[in-house]
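Trainee: The structure follows.
The values are calculated or read from the model by the stated rules, or taken from the named source; none is laboratory data. Quantities reported herein were computed from a predicted structural model and do not represent experimental measurements. Here the Cβ is made from the backbone with ideal geometry for all residues, glycine too, and neighbour counts use every protein chain on show.
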Amino acid sequence: MLTPTKKILLKAQKQGYAVGAFNINNMEISHAVMEAAEREKAPVICQTSEGSLEYAGMDMLLAIGRQLALTSKVPVAIHLDHGKHPEVVKVAIAAGYQSVMYDGSSNPFEKNIEITSGIVKLAHEKNVSVEAELGAIAGIEDFVSVKERDAHLTNPKQALEFTKRTRCDFLAIAIGTLHGAYKFSGRSHLDISRLKEIKALVKVPLALHGASSVPKDLVKQIEKHGGKLGTPVGVSDGDLKEAVKNGICKVNTDTDLRLAFTAGVRKILTQEPGEFDPRKILASAYDEMVATIRWKIKLLGSSNKA
Ligand SMILES: [Zn+2]
């Protein structure tokens, strides 16, 4: 059932688990997210990025997401991921999203507060909740010095001031994760002590971006069937569990779905070279995605929380 994002995330915060926020770029991915959530009896967030809106159109993705949500038994929210342009965020608020993200993290602190506050005001009038972002989501290894790292990762005291002044409902924080499949040159490592400090000060649910796991079995399967990925590295299961234990309530996942999709398509095209029915090719991608999403939901602790 279509459910406010705020309701879903406040429950997660209270009970100490995280909800998966999966990027839906087309019908098959949306279906896979819903099937996995239903089988796990888990609340779920379906989100669309500005890139996906350019690809498929807001009306189309919103219609698919809503249709699936209306007929589902688990709580589902439709969320705008990384709205970087206030105009797009405003259109999403009017279009009927349960929540929107305004990502003003590339702006200076005061400018980020100013624009975010304006969006929060507009959104709250329509009962839409807002995720804001503070800090640069970039891998820890990108920072050569501790000073540089401090300048980019979320500052706990600033996070408190930011949430109070903007009245945002959720906050995406930077603790050393990185978008994409190539996050670390070695082992995954997140700044958990920084997360603990933020959690102690900030009252709103916290979101983690760039938190794909990059499952090794999917990478292997892609390479076995002709793909070439180099050496992608994601966030380890241990780090992700630790982050959830210490206050992360929303975990964004896009890369893992892309990997699962590709693994499924490569597998069927290699194993059945005569196959040319798109429905059968996409069914293989679908099965891989459902398995990956179910695994992720279990890892986040949101199974049986619907
Ligand atoms: Zn993100």
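Trainee: Looking at the structure I just gave you, is Ala200 within 16 Å of the ligand (Cβ to nearest atom), of a type in the set (A, V, I, L, M, F, W, C), at pLDDT 90 or above and not in a loop (DSSP other than H, G, I, E, B)?
Mentor: Numbers: within 16 Å of the ligand (Cβ to nearest atom): no; of a type in the set (A, V, I, L, M, F, W, C): yes; at pLDDT 90 or above: yes; not in a loop (DSSP other than H, G, I, E, B): yes.
Against the criterion (within 16 Å of the ligand (Cβ to nearest atom), of a type in the set (A, V, I, L, M, F, W, C), at pLDDT 90 or above and not in a loop (DSSP other than H, G, I, E, B)), Ala200 does not qualify.
Trainee: Further question on the same structure: Cβ contacts < 7 Å: first residue at positive phi, restricted to segment 208-228; second residue assigned to a loop (DSSP other than H, G, I, E, B) and more than 16 Å from the ligand (Cβ to nearest atom), any location; separation 6+ or different chain. Result?
Mentor: Cβ pairs passing all conditions: Val214/Pro232.
Table: residues versus (1) among the hydrophobic types (A, V, I, L, M, F, W, C); (2) assigned to a loop (DSSP other than H, G, I, E, B); (3) within 16 Å of the ligand (Cβ to nearest atom).
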residue: Ser212; (1), (2), (3): no, yes, yes
residue: Asp217; (1), (2), (3): no, no, no
residue: Gln221; (1), (2), (3): no, no, no
residue: Gly226; (1), (2), (3): no, yes, no
residue: Ala291; (1), (2), (3): yes, no, no
residue: Trp295; (1), (2), (3): yes, no, no
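Trainee: For segment 167-182, does any single residue satisfy the condition of being touching a Gly at 6+ places or on another chain (Cβ under 6 Å) and charged (D, E, K, R)?
Mentor: No - not one qualifying residue is present in segment 167-182.
Trainee: Could you tell me whether Ala207 is in contact with a Ser or Thr (Cβ under 9 Å, 6 or more places away or on another chain), within 16 Å of the ligand (Cβ to nearest atom) and either part of a helix (DSSP H, G or I) or not charged (D, E, K, R) (or both)?
Mentor: Numbers: in contact with a Ser or Thr (Cβ under 9 Å, 6 or more places away or on another chain): no; within 16 Å of the ligand (Cβ to nearest atom): yes; either part of a helix (DSSP H, G or I) or not charged (D, E, K, R) (or both): yes.
Answer is no for this residue.
Trainee: Let me ask you something else. So is Gly180 surrounded by fewer than 16 Cβ atoms within 10 Å (Cβ to Cβ) and either part of a loop (DSSP other than H, G, I, E, B) or at pLDDT 95 or above (or both) or not? Walk me through how you get there before you give the answer.
Mentor: Details: surrounded by fewer than 16 Cβ atoms within 10 Å (Cβ to Cβ): yes; either part of a loop (DSSP other than H, G, I, E, B) or at pLDDT 95 or above (or both): yes.
Taking the combined requirement at face value, the residue satisfies it.
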